[in-house]
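Below: the structure, in structure tokens.
A short reminder: the numbers here are calculations on the coordinates, not readings from a lab. Source: prediction; values computed, not measured. Every residue, glycine as well, gets a Cβ built from its backbone with ideal geometry; the counts of neighbours run over all protein chains shown.
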């Protein structure tokens, strides 16, 4: 998966982003780059899980495994393991899309891979505060594009 430093300029599916919007990357992790860790807040974890379940963008045809878990390609092929994330009794597959929220200034979108739920819940990745605030406030980017 592509690596972006948190809050750096996002440049992946740019054709899906209006020209007046500033897109910033969150949670595009790679094992070669350190990241901040913290025990996830339960309310944030629940809302992030719901965001990744209900509001995906840019769904890809393939799956990305978790480089942090060392999940790699199967049998020499190019297919990666889907990663499962659970909250309570519910499970979702992640590793094939993005989630997008608006920061406090609505002209900035914070875009994360849906794998961010796995990173937070399993690896205790601590996303930057603007992302946490946007997820907690439910500032989801609408799917009207």
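Distance from a point 7 Å along Cα→Cβ of residue 43 to each backbone N in segment 109-142: keep the residues under 15 Å and list them by number.
Inside the label zone: 132-139.
Calculate for the chain the 222 nm mean residue ellipticity that helices alone would give, adding -39,500 (n - 2.57) per DSSP H run of length 4 or more and normalising by residue count, nearest 500 deg cm²/dmol. Kindly include the intermediate steps, with their values, before the conclusion.
On the way: 3 runs with 30 residues, N = 145.
My calculation for the chain gives -6000 deg cm²/dmol from helical runs alone.
Quick check on the exposure proxy: order 64, 3 from fewest to most C-beta atoms within 10 angstrom. Could the numbers behind the result be given before it?
Working: 64 20, 3 13.
Fewest to most other Cβ atoms nearby, the residues stand as 3, 64.
Please report the antiparallel percentage of DSSP beta bridges with both residues in segment 14-137, rounded to the nearest 5. All intermediate terms of the calculation are to be shown ahead of the outcome.
On the way: 14 of 18 bridges.
Taking every DSSP beta bridge with both residues in segment 14-137, the antiparallel ones total about 80 percent.
Arrange the peptides 35-46, 89-100 so that the one whose residues have, on average, the most other Cβ atoms within 10 Å appears first.
On the way: 35-46: 13.2, 89-100: 18.5.
Sorting 35-46, 89-100 by mean packing, highest first, produces 89-100, 35-46.
Against the longest principal axis of the chain, how steep is helix 42-54, in degrees 0 to 90 to the nearest 10, with axes from Cα atoms?
Approximately 90 degrees, to the nearest ten.
What nm distance separates the two modelled labels at residue 121 and residue 137, each placed 7 Å from Cα along Cα→Cβ?
2.6 nm
Give, in whole angstrom and from largest to smallest, the semi-axes √(5λ) of the equivalent ellipsoid of the chain, with λ running over the eigenvalues of the Cα gyration tensor. Spell out each step's value before the answer.
Details: eigenvalues 99, 63, 45 Å².
Gyration-tensor ellipsoid for the chain: 22, 18, 15 Å.
Before anything else, pin down the relative contact order of the chain: Cα pairs under 8 Å, at least 6 apart, normalised by residue count, whole percent. Working shown, then result.
Values: 265 pairs, mean separation 42.4, N = 145.
Normalised by residue count, the contact order of the chain is 29 percent.
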